Amino acid sequence: MRVLVTGGAGFIGSAVCRQLVLQHGADVMNVDKLTYASNPRSLDAVAESPRYSFRRLDICDRQGLDRALAAHQPEAIIHLAAESHVDRSIAGPSEFINTNVVGTYTLLEAAREYVSGLQGPRRANFRFVHVSTDEVYGSLGATGLFVEETPYRPSSPYSASKAASDHLAHAWYTTYGLPVIVSNCSNNYGPYQFPEKLIPLMILNAIERRPLPVYGTGCNVRDWLYVEDHAEGLIRLLTHGRPGESYNFGGNCERSNLDVVNRISEFCDELISPDSPTRSLITFVEDRPGHDLRYAIDASKARRELGWQPRRTFEEGLRATVEWYVENGAWWASLRSGVYGGQRLGLLGA
Ligand code: NAD
(Lines give C-alpha, C1' and ligand atoms only; values in the text may rest on other atoms or scores of the structure.)
Protein backbone atom coordinates (compact mmCIF):
# COMPACT_ATOMS: atom_id res chain seq x y z
CA MET A 1 0.00 0.00 0.00
CA ARG A 2 1.22 3.53 -0.79
CA VAL A 3 0.44 6.03 1.97
CA LEU A 4 1.13 9.74 2.33
CA VAL A 5 1.48 10.65 6.02
CA THR A 6 1.44 14.28 7.16
CA GLY A 7 3.17 15.17 10.43
CA GLY A 8 5.19 11.96 10.36
CA ALA A 9 8.13 13.54 12.20
CA GLY A 10 5.91 14.14 15.24
CA PHE A 11 5.00 11.84 18.10
CA ILE A 12 2.05 9.85 16.74
CA GLY A 13 2.98 10.34 13.07
CA SER A 14 6.40 8.75 13.57
CA ALA A 15 4.77 5.71 15.22
CA VAL A 16 2.41 5.46 12.21
CA CYS A 17 5.34 5.69 9.76
CA ARG A 18 7.37 3.07 11.63
CA GLN A 19 4.43 0.63 11.79
CA LEU A 20 3.44 1.17 8.15
CA VAL A 21 6.96 0.57 6.83
CA LEU A 22 8.24 -2.07 9.24
CA GLN A 23 5.10 -4.09 10.00
CA HIS A 24 2.93 -3.57 6.92
CA GLY A 25 5.54 -3.21 4.17
CA ALA A 26 3.83 -0.01 3.01
CA ASP A 27 5.49 2.65 0.85
CA VAL A 28 5.33 5.83 2.90
CA MET A 29 5.95 9.43 1.98
CA ASN A 30 6.17 11.62 5.08
CA VAL A 31 5.28 15.26 4.53
CA ASP A 32 6.30 17.43 7.49
CA LYS A 33 7.22 21.09 8.02
CA LEU A 34 9.64 20.10 10.82
CA THR A 35 8.36 22.52 13.45
CA TYR A 36 9.84 22.67 16.97
CA ALA A 37 7.67 19.62 17.86
CA SER A 38 9.23 17.32 15.27
CA ASN A 39 12.26 15.13 15.67
CA PRO A 40 13.61 13.35 12.59
CA ARG A 41 15.51 10.98 14.92
CA SER A 42 12.14 9.37 15.71
CA LEU A 43 12.34 7.98 12.18
CA ASP A 44 15.83 6.47 12.41
CA ALA A 45 14.34 2.97 12.18
CA VAL A 46 12.91 3.66 8.70
CA ALA A 47 15.11 6.47 7.37
CA GLU A 48 17.26 4.17 5.23
CA SER A 49 14.38 2.03 3.98
CA PRO A 50 13.62 2.20 0.23
CA ARG A 51 9.96 2.14 1.33
CA TYR A 52 10.28 5.49 3.13
CA SER A 53 10.69 9.01 1.75
CA PHE A 54 10.49 12.45 3.29
CA ARG A 55 9.49 15.88 2.00
CA ARG A 56 9.85 19.00 4.09
CA LEU A 57 6.62 20.80 3.36
CA ASP A 58 4.04 23.04 5.00
CA ILE A 59 0.52 21.64 4.55
CA CYS A 60 -0.60 25.20 3.78
CA ASP A 61 1.53 25.01 0.58
CA ARG A 62 -0.94 23.82 -2.04
CA GLN A 63 1.54 23.54 -4.89
CA GLY A 64 3.94 21.58 -2.73
CA LEU A 65 1.13 19.19 -1.76
CA ASP A 66 0.11 18.77 -5.40
CA ARG A 67 3.69 17.86 -6.30
CA ALA A 68 4.00 15.42 -3.38
CA LEU A 69 0.74 13.66 -4.30
CA ALA A 70 1.70 13.46 -7.98
CA ALA A 71 5.12 12.04 -7.12
CA HIS A 72 3.98 9.48 -4.55
CA GLN A 73 0.64 8.43 -6.07
CA PRO A 74 -0.77 7.35 -2.67
CA GLU A 75 -3.72 5.04 -2.13
CA ALA A 76 -4.39 6.75 1.20
CA ILE A 77 -3.53 9.82 3.26
CA ILE A 78 -3.18 9.77 7.04
CA HIS A 79 -3.28 13.40 8.17
CA LEU A 80 -1.58 14.04 11.50
CA ALA A 81 0.24 17.35 10.87
CA ALA A 82 -0.96 19.84 13.46
CA GLU A 83 -0.03 22.24 16.18
CA SER A 84 -0.85 20.02 19.14
CA HIS A 85 -0.09 21.64 22.49
CA VAL A 86 -2.99 23.26 24.37
CA ASP A 87 -0.76 25.57 26.44
CA ARG A 88 0.91 26.95 23.30
CA SER A 89 -2.52 27.54 21.76
CA ILE A 90 -3.41 29.71 24.75
CA ALA A 91 -0.16 31.67 24.47
CA GLY A 92 -0.46 32.10 20.67
CA PRO A 93 -3.41 30.71 18.72
CA SER A 94 -2.41 31.95 15.27
CA GLU A 95 -0.28 28.96 14.18
CA PHE A 96 -3.11 26.68 15.32
CA ILE A 97 -5.54 28.39 12.98
CA ASN A 98 -3.01 28.36 10.12
CA THR A 99 -1.94 24.74 10.33
CA ASN A 100 -4.96 22.99 11.85
CA VAL A 101 -7.68 24.86 9.96
CA VAL A 102 -6.14 26.39 6.82
CA GLY A 103 -3.63 23.55 6.44
CA THR A 104 -6.33 20.89 6.72
CA TYR A 105 -8.49 22.78 4.23
CA THR A 106 -5.54 23.01 1.83
CA LEU A 107 -4.81 19.30 2.16
CA LEU A 108 -8.47 18.35 1.66
CA GLU A 109 -8.56 20.41 -1.53
CA ALA A 110 -5.30 18.91 -2.81
CA ALA A 111 -6.63 15.41 -2.03
CA ARG A 112 -9.94 16.17 -3.76
CA GLU A 113 -8.20 17.19 -6.96
CA TYR A 114 -5.80 14.25 -6.78
CA VAL A 115 -8.64 11.72 -6.24
CA SER A 116 -10.65 13.20 -9.11
CA GLY A 117 -7.81 12.09 -11.39
CA LEU A 118 -7.90 8.46 -10.19
CA GLN A 119 -9.83 5.75 -12.02
CA GLY A 120 -11.64 2.52 -11.10
CA PRO A 121 -10.60 0.67 -7.93
CA ARG A 122 -7.85 3.20 -7.13
CA ARG A 123 -10.54 5.85 -6.87
CA ALA A 124 -13.09 3.65 -5.09
CA ASN A 125 -10.59 2.42 -2.51
CA PHE A 126 -8.85 5.72 -1.74
CA ARG A 127 -9.05 6.79 1.94
CA PHE A 128 -8.29 10.04 3.77
CA VAL A 129 -7.89 9.53 7.53
CA HIS A 130 -8.14 12.80 9.43
CA VAL A 131 -6.63 12.41 12.90
CA SER A 132 -8.30 14.40 15.66
CA THR A 133 -8.79 14.48 19.38
CA ASP A 134 -11.43 13.83 22.03
CA GLU A 135 -10.85 17.41 23.22
CA VAL A 136 -13.31 18.59 20.55
CA TYR A 137 -16.13 17.25 22.77
CA GLY A 138 -15.31 19.61 25.66
CA SER A 139 -15.37 18.55 29.28
CA LEU A 140 -17.26 15.73 31.01
CA GLY A 141 -18.49 15.90 34.59
CA ALA A 142 -17.81 13.11 37.04
CA THR A 143 -19.64 10.49 34.95
CA GLY A 144 -20.36 9.62 31.31
CA LEU A 145 -18.26 8.84 28.24
CA PHE A 146 -17.70 10.55 24.89
CA VAL A 147 -19.40 8.72 22.02
CA GLU A 148 -19.10 9.60 18.35
CA GLU A 149 -22.45 11.45 18.55
CA THR A 150 -21.42 13.67 21.49
CA PRO A 151 -21.89 17.31 20.40
CA TYR A 152 -18.72 19.35 19.87
CA ARG A 153 -17.99 21.90 22.61
CA PRO A 154 -14.28 22.72 22.38
CA SER A 155 -12.78 24.83 25.18
CA SER A 156 -9.25 25.79 24.09
CA PRO A 157 -7.93 27.42 20.92
CA TYR A 158 -6.29 24.05 20.17
CA SER A 159 -9.48 22.01 20.48
CA ALA A 160 -11.50 24.68 18.66
CA SER A 161 -9.06 24.55 15.73
CA LYS A 162 -9.26 20.75 15.69
CA ALA A 163 -13.07 20.89 15.84
CA ALA A 164 -13.06 23.25 12.85
CA SER A 165 -10.81 20.87 10.92
CA ASP A 166 -13.09 17.90 11.75
CA HIS A 167 -16.09 19.80 10.40
CA LEU A 168 -14.18 20.59 7.21
CA ALA A 169 -13.19 16.93 6.84
CA HIS A 170 -16.80 15.73 7.24
CA ALA A 171 -18.04 18.44 4.87
CA TRP A 172 -15.57 17.33 2.18
CA TYR A 173 -17.11 13.86 2.43
CA THR A 174 -20.71 15.05 2.39
CA THR A 175 -20.30 17.70 -0.29
CA TYR A 176 -17.57 16.34 -2.56
CA GLY A 177 -17.61 12.63 -1.76
CA LEU A 178 -13.97 12.62 -0.63
CA PRO A 179 -13.71 9.33 1.33
CA VAL A 180 -12.77 10.90 4.65
CA ILE A 181 -12.71 9.04 7.97
CA VAL A 182 -12.26 11.05 11.19
CA SER A 183 -10.65 9.64 14.33
CA ASN A 184 -11.06 11.22 17.77
CA CYS A 185 -8.56 9.92 20.25
CA SER A 186 -7.83 10.43 23.91
CA ASN A 187 -4.44 11.48 25.33
CA ASN A 188 -1.52 9.51 23.93
CA TYR A 189 1.70 8.70 25.72
CA GLY A 190 4.81 6.68 24.94
CA PRO A 191 8.35 7.00 23.58
CA TYR A 192 9.29 9.88 21.23
CA GLN A 193 6.81 12.41 22.70
CA PHE A 194 8.05 15.99 22.75
CA PRO A 195 8.81 16.89 26.39
CA GLU A 196 6.27 19.68 26.72
CA LYS A 197 3.41 17.21 27.28
CA LEU A 198 2.58 16.04 30.80
CA ILE A 199 4.15 12.58 30.88
CA PRO A 200 7.54 13.23 29.22
CA LEU A 201 7.87 16.59 30.99
CA MET A 202 7.42 14.91 34.36
CA ILE A 203 9.81 12.09 33.49
CA LEU A 204 12.58 14.46 32.39
CA ASN A 205 12.05 16.74 35.38
CA ALA A 206 12.24 13.72 37.69
CA ILE A 207 15.43 12.52 35.97
CA GLU A 208 16.94 15.99 36.40
CA ARG A 209 15.48 16.37 39.91
CA ARG A 210 13.56 19.51 38.99
CA PRO A 211 10.08 20.36 40.36
CA LEU A 212 7.16 18.29 39.00
CA PRO A 213 4.57 21.02 38.32
CA VAL A 214 0.96 19.78 38.66
CA TYR A 215 -1.74 22.18 37.39
CA GLY A 216 -4.37 23.20 39.99
CA THR A 217 -5.10 20.34 42.38
CA GLY A 218 -4.18 17.63 39.87
CA CYS A 219 -7.77 16.35 39.82
CA ASN A 220 -8.25 16.67 36.04
CA VAL A 221 -8.88 13.26 34.52
CA ARG A 222 -7.63 12.01 31.15
CA ASP A 223 -8.07 8.64 29.41
CA TRP A 224 -4.55 7.47 28.45
CA LEU A 225 -3.71 5.43 25.35
CA TYR A 226 -0.28 4.03 24.44
CA VAL A 227 0.85 5.60 21.17
CA GLU A 228 1.58 2.31 19.37
CA ASP A 229 -1.99 1.18 20.11
CA HIS A 230 -3.35 4.39 18.62
CA ALA A 231 -1.17 3.97 15.52
CA GLU A 232 -2.56 0.45 15.05
CA GLY A 233 -6.09 1.83 15.19
CA LEU A 234 -5.35 4.52 12.62
CA ILE A 235 -3.88 1.97 10.21
CA ARG A 236 -6.93 -0.27 10.67
CA LEU A 237 -9.11 2.64 9.58
CA LEU A 238 -7.50 2.41 6.13
CA THR A 239 -8.98 -1.03 5.54
CA HIS A 240 -11.94 -1.30 7.94
CA GLY A 241 -13.15 2.28 8.48
CA ARG A 242 -16.30 3.53 6.75
CA PRO A 243 -15.95 6.81 4.85
CA GLY A 244 -17.98 9.64 6.33
CA GLU A 245 -17.78 8.14 9.83
CA SER A 246 -15.99 9.15 13.03
CA TYR A 247 -14.27 6.64 15.31
CA ASN A 248 -13.32 7.24 18.94
CA PHE A 249 -10.11 5.68 20.26
CA GLY A 250 -9.30 5.48 23.97
CA GLY A 251 -7.39 3.39 26.44
CA ASN A 252 -10.28 2.69 28.84
CA CYS A 253 -7.86 4.02 31.38
CA GLU A 254 -8.91 7.09 33.33
CA ARG A 255 -6.32 8.63 35.61
CA SER A 256 -6.15 11.98 37.37
CA ASN A 257 -3.07 14.03 36.54
CA LEU A 258 -1.90 13.64 40.12
CA ASP A 259 -2.19 9.83 39.90
CA VAL A 260 -0.14 9.88 36.70
CA VAL A 261 2.58 12.04 38.24
CA ASN A 262 2.69 9.88 41.37
CA ARG A 263 3.11 6.73 39.27
CA ILE A 264 5.85 8.32 37.17
CA SER A 265 7.61 9.32 40.36
CA GLU A 266 7.42 5.73 41.66
CA PHE A 267 8.84 4.28 38.42
CA CYS A 268 11.63 6.87 38.40
CA ASP A 269 12.50 6.09 42.00
CA GLU A 270 12.66 2.39 41.14
CA LEU A 271 14.80 2.92 38.04
CA ILE A 272 17.08 5.82 38.87
CA SER A 273 16.88 7.13 42.41
CA PRO A 274 15.83 4.48 44.95
CA ASP A 275 17.56 6.38 47.76
CA SER A 276 16.09 9.82 47.16
CA PRO A 277 12.37 9.71 46.30
CA THR A 278 11.15 12.16 43.65
CA ARG A 279 7.66 12.52 45.17
CA SER A 280 8.90 15.48 47.21
CA LEU A 281 9.48 17.31 43.90
CA ILE A 282 5.70 17.48 43.20
CA THR A 283 4.61 21.14 43.24
CA PHE A 284 1.07 22.43 42.70
CA VAL A 285 1.02 25.42 40.30
CA GLU A 286 -1.60 27.81 38.88
CA ASP A 287 -4.19 25.94 36.83
CA ARG A 288 -4.45 26.13 33.03
CA PRO A 289 -7.10 28.68 31.91
CA GLY A 290 -10.21 26.83 30.70
CA HIS A 291 -8.80 23.48 31.89
CA ASP A 292 -11.30 20.74 30.99
CA LEU A 293 -12.12 18.59 34.02
CA ARG A 294 -12.50 15.14 32.55
CA TYR A 295 -12.24 13.26 29.25
CA ALA A 296 -13.29 9.62 28.89
CA ILE A 297 -13.88 7.65 25.73
CA ASP A 298 -16.34 4.97 24.69
CA ALA A 299 -14.31 3.12 22.03
CA SER A 300 -16.87 0.35 21.42
CA LYS A 301 -17.44 1.40 17.78
CA ALA A 302 -13.72 0.96 17.02
CA ARG A 303 -13.77 -2.42 18.80
CA ARG A 304 -16.87 -3.56 16.92
CA GLU A 305 -16.13 -2.27 13.41
CA LEU A 306 -12.33 -2.33 13.30
CA GLY A 307 -11.63 -5.25 15.63
CA TRP A 308 -9.33 -2.84 17.48
CA GLN A 309 -8.49 -2.71 21.14
CA PRO A 310 -5.55 -1.39 23.12
CA ARG A 311 -2.89 -4.03 23.80
CA ARG A 312 -0.97 -2.37 26.63
CA THR A 313 -2.20 -1.64 30.12
CA PHE A 314 -1.31 1.77 31.52
CA GLU A 315 1.13 0.15 33.96
CA GLU A 316 3.01 -1.63 31.14
CA GLY A 317 2.97 1.35 28.84
CA LEU A 318 4.02 3.87 31.47
CA ARG A 319 6.88 1.69 32.72
CA ALA A 320 8.10 1.18 29.14
CA THR A 321 7.87 4.94 28.56
CA VAL A 322 9.86 5.85 31.68
CA GLU A 323 12.51 3.25 30.75
CA TRP A 324 12.70 4.63 27.21
CA TYR A 325 13.33 8.22 28.36
CA VAL A 326 15.90 7.04 30.92
CA GLU A 327 17.76 5.12 28.20
CA ASN A 328 17.38 7.62 25.33
CA GLY A 329 18.90 10.87 26.52
CA ALA A 330 20.38 11.28 23.04
CA TRP A 331 16.85 11.71 21.65
CA TRP A 332 15.76 14.43 24.09
CA ALA A 333 18.89 16.17 25.46
CA SER A 334 19.22 18.71 22.65
CA LEU A 335 15.47 19.44 22.67
CA ARG A 336 15.65 20.10 26.37
CA SER A 337 18.71 22.36 26.20
CA GLY A 338 17.67 24.15 22.99
CA VAL A 339 14.10 23.99 21.70
CA TYR A 340 12.18 23.84 24.97
CA GLY A 341 13.64 23.76 28.46
CA GLY A 342 10.45 22.99 30.37
CA GLN A 343 9.30 26.51 31.28
CA ARG A 344 5.61 27.17 31.97
CA LEU A 345 3.55 28.15 28.90
CA GLY A 346 0.00 29.39 28.42
CA LEU A 347 -0.66 31.50 31.50
CA LEU A 348 -2.78 34.55 30.74
CA GLY A 349 -0.76 37.75 31.04
CA ALA A 350 2.48 35.77 31.22
P1 NAD B 1 3.18 16.52 17.40
O2 NAD B 1 3.10 17.94 17.83
O3 NAD B 1 4.10 15.60 18.14
O4 NAD B 1 3.58 16.43 15.87
C5 NAD B 1 3.01 17.25 14.89
C6 NAD B 1 3.85 17.15 13.63
O7 NAD B 1 3.21 17.96 12.63
C8 NAD B 1 5.28 17.67 13.80
O9 NAD B 1 6.20 16.77 13.23
C10 NAD B 1 5.26 18.99 13.04
O11 NAD B 1 6.52 19.33 12.45
C12 NAD B 1 4.21 18.74 11.98
N13 NAD B 1 3.59 19.99 11.51
C14 NAD B 1 3.10 21.00 12.26
N15 NAD B 1 2.64 21.99 11.47
C16 NAD B 1 2.83 21.56 10.19
C17 NAD B 1 2.54 22.14 8.93
N18 NAD B 1 1.98 23.35 8.80
N19 NAD B 1 2.84 21.43 7.82
C20 NAD B 1 3.43 20.20 7.92
N21 NAD B 1 3.74 19.63 9.09
C22 NAD B 1 3.44 20.29 10.21
O23 NAD B 1 1.69 15.99 17.45
P24 NAD B 1 1.13 14.55 17.87
O25 NAD B 1 0.97 14.51 19.34
O26 NAD B 1 1.90 13.50 17.16
O27 NAD B 1 -0.33 14.64 17.24
C28 NAD B 1 -0.59 14.25 15.91
C29 NAD B 1 -2.04 14.44 15.59
O30 NAD B 1 -2.83 13.67 16.50
C31 NAD B 1 -2.51 15.88 15.74
O32 NAD B 1 -3.43 16.16 14.72
C33 NAD B 1 -3.20 15.91 17.09
O34 NAD B 1 -4.20 16.89 17.13
C35 NAD B 1 -3.77 14.51 17.16
N36 NAD B 1 -3.94 13.95 18.50
C37 NAD B 1 -2.92 13.97 19.40
C38 NAD B 1 -3.11 13.41 20.66
C39 NAD B 1 -2.00 13.35 21.68
O40 NAD B 1 -2.25 12.97 22.83
N41 NAD B 1 -0.77 13.69 21.33
C42 NAD B 1 -4.34 12.83 20.99
C43 NAD B 1 -5.37 12.83 20.03
C44 NAD B 1 -5.14 13.38 18.79
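Odds and ends about this structure:
- Listed values for the stretch 155-161 are Karplus-derived 3J(HN,Hα) couplings in whole Hz (6.51 cos²θ - 1.76 cosθ + 1.60, θ = phi - 60°), namely 9, 9, x, 4, 5, 5, 5, and x replaces Gly and Pro.
- Residues in the chain average 40 Å² of solvent-accessible surface per residue, probe 1.4 Å, ligands and nucleic acids excluded.
- Trypsin sites (Lys or Arg not before Pro) within the stretch 232-330: DSSP coil, no more than 13 neighbouring Cβ in 10 Å: 311
- Sorting 232, 270, 208, 327 on solvent-accessible area from highest to lowest, probe radius 1.4 Å, gives 327, 270, 208, 232.
- Potential extension, residue 71-residue 48 segment - 0.36 nm per residue separation minus Cα distance: 6.4 nm
- Of 225, 180, 154, farthest towards positive along the dipole that unit charges on Lys, Arg, Asp, Glu beta carbons give the chain: 180
- Phi-based couplings in Hz for the stretch 286-295 (Karplus 6.51, -1.76, 1.60; Gly and Pro marked x): 3, 5, 6, x, x, 5, 5, 6, 8, 10
- Percent accessible area from carbon and sulfur atoms, the stretch 1-85, protein chains only, probe 1.4 Å: 48
- Per residue of the chain, the DSSP helices (runs of n ≥ 4 H) give a summed -39500 (n - 2.57) that works out to -11000 deg cm²/dmol at 222 nm.
- Mean separation of Cα contacts under 8 Å, 6 or more apart, over the residue count of the stretch 1-136: relative contact order %: 27
- For the chain, the relative contact order is 19 percent, taking Cα pairs closer than 8 Å that sit 6 or more residues apart in sequence and dividing their mean separation by the residue count.
- Carbon and sulfur %, accessible surface of the stretch 174-292 computed with the full protein complex present, 1.4 Å: 48
- Note: relative contact order over the stretch 203-319, using C-alpha pairs below 8 Å and six or more positions apart, is 44 percent.
- Stokes-Einstein, applied to the Kirkwood radius of the chain over Cα pairs at a viscosity of 0.692 mPa s and 37 °C, places its translational diffusion at 160 µm² s⁻¹.
- Each peptide in 188-200, 172-184 gets a packing score, the mean of other Cβ atoms within 10 Å over its residues, and the list from highest to lowest is 188-200, 172-184.
- Couplings 3J(HN,Hα) of the stretch 56-65, computed from phi: 7, 7, 8, 5, 7, 8, 4, 5, x, 5 Hz, in residue order, whole Hz [Karplus 6.51 cos²θ - 1.76 cosθ + 1.60, θ = phi - 60°; x for Gly and Pro].
- Each residue, residue 316 and residue 175, gets one label point 7 Å from its Cα in the Cβ direction; the gap between the two is 4.4 nm.
- Computed Rg/Rh of the stretch 267-346, alpha carbon atoms with Kirkwood Rh: 1.06
- Residue among 262, 249, 325 farthest towards the positive dipole end of the stretch 238-350, charges placed on Cβ: 249
- Note on residue 322: accessible area approximately 0 square angstrom, rounded to 10, probe 1.4 Å, nucleic acids and ligands left out.
- Among 89-102, 10-23, 70-83, the peptide with the highest mean count of other Cβ atoms within 10 Å heads the list, and the full ranking is 10-23, 70-83, 89-102.
- Solvent-accessible surface of protein heavy atoms, probed at 1.4 angstrom with all chains present, puts 133, 143 in the order 143, 133, largest first.
- Angle of helix 257-271 to the longest C-alpha principal axis of the chain, folded into 0 to 90 degrees and rounded to 10: 70°.
- Estimated D of the stretch 60-139 in µm² per second, where Rh is the Kirkwood radius over Cα pairs and Stokes-Einstein applies at 10 °C, 1.306 mPa s: 113
- Radius 13 Å from Cβ of residue 1, net charge of other residues (Lys, Arg +1; Asp, Glu -1): +3
- Largest GNM mean-square fluctuation across 187, 252, 328, computed for the chain with C-alpha springs under 10 Å, falls on 328.
- Rounded to 5, percent antiparallel among DSSP beta bridges of the chain: 10
- Put a plus charge on the Cβ of each Lys and Arg, a minus charge on the Cβ of each Asp and Glu, and nothing anywhere else: the dipole of the stretch 182-238 about its Cα centre is then about 200 debye.
- Between the Cα long axis of helix 104-116 and the first principal axis of the chain there is an angle of about 30°, rounded to the nearest 10.
- Cα-centred dipole magnitude for the stretch 62-110, charges only on beta-carbon of K, R (+1) and D, E (-1), debye, nearest 20: 80
The values are calculated or read from the model by the stated rules, or taken from the named source; none is laboratory data. Owing to the predicted nature of the structure, the values given are computational and were not obtained by experimental measurement. Heads up, the Cβs are rebuilt from the backbone with ideal geometry, glycines too, and the neighbour counts pull from every protein chain shown. Accessible surface is based on the protein model in full, side chains and every heavy atom, while ligands, DNA and RNA are left aside. Shrake-Rupley method; radii C 1.70, N 1.55, O 1.52, S 1.80 Å.
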